[in-house]
């Protein structure tokens with residue numbers, strides 16, 4: 001593991017190589033999937049991807065926080081946050097207890 005961040009273009013290229021769609025079709029497919037996930041989350045629904053994990057939006061209420069420099073109390077406004085919970089399959093692969101099959105590094 002090199003600690004690099006994977007980009008949309010790298011994922012699109014992997015789809016191109018694995019599935020056999022053209023590069024443009026692969027990029028359009030990726031954008032379509034990401035748009036669907038984004039729109040679903042923006043609508044307040046959860047997204048579950050089997051063997052990967054689930055995304056959900058949680059509402060956080062207003063609370064009092066502190067400015068670390070001054071120690072002054074300041075209100076933190078209510079907001080929505082994105083939550084990701086990895087599946088047990090993904091946790092196992094990250095932990096290294098997988099047998100190594102079907103692992104793509106996107107290199």
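Here, each number is a calculation from the coordinates, and none is a lab measurement. Keep in mind that this is a model prediction, so the values were computed, not measured. Methodologically, a virtual Cβ is constructed for each residue, glycine included, from the backbone with ideal geometry; neighbour enumeration extends over all protein chains shown.
Rounded if a/c is under 1.5, else prolate if a/b beats b/c, else oblate: with a ≥ b ≥ c from the C-alpha gyration tensor eigenvalues square-rooted, which is the chain?
Details: a/c = 2.26, a/b = 1.79, b/c = 1.26.
Since a/c reaches 1.5 and a/b is larger than b/c, the shape of the chain is classed as prolate.
Rank-order 81-89, 65-73, 12-20 by packing density, defined as the average count of other C-beta atoms within 10 Å over each peptide's residues, highest first. List each step's numbers first, then the result.
Details: 81-89: 11.3, 65-73: 8.4, 12-20: 14.6.
Packing order, densest peptide first, comes out as 12-20, 81-89, 65-73.
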Exercise for review: Could you tell me how many degrees, from 0 to 90 and to the nearest 10, lie between the Cα long axis of helix 8-19 and the main elongation axis, the longest principal axis, of the Cα atoms of the chain?
Suggested key: 30 degrees
Check your understanding: If r is the Cβ-Cβ distance from residue 59 to residue 8 and R0 is 30 Å, what FRET efficiency results, to the nearest 0.05?
Key -> 0.55
**Study point:** Pairwise label distance in nanometres, residue 77 with residue 46, each label 7 Å out on the Cα-Cβ vector
**Key:** 2.8 nm
Check your understanding: Which angle from 0 to 90°, rounded to the nearest 10, does the C-alpha axis of helix 23-42 make with the longest principal axis of the chain?
Key -> 30 degrees
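Find the all-direction average of the projected area of the Cα convex hull for the range 1-53, expressing the result in square nanometres with one decimal place. Before the final figure, lay out the partial values.
Working: hull surface 19.1 nm².
Average projection, Cα convex hull of the range 1-53: 4.8 nm².
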Check your understanding: Simple spin-label model, 7 Å along Cα-to-Cβ: residue 37 to residue 89 in nm?
Key -> 1.5 nm
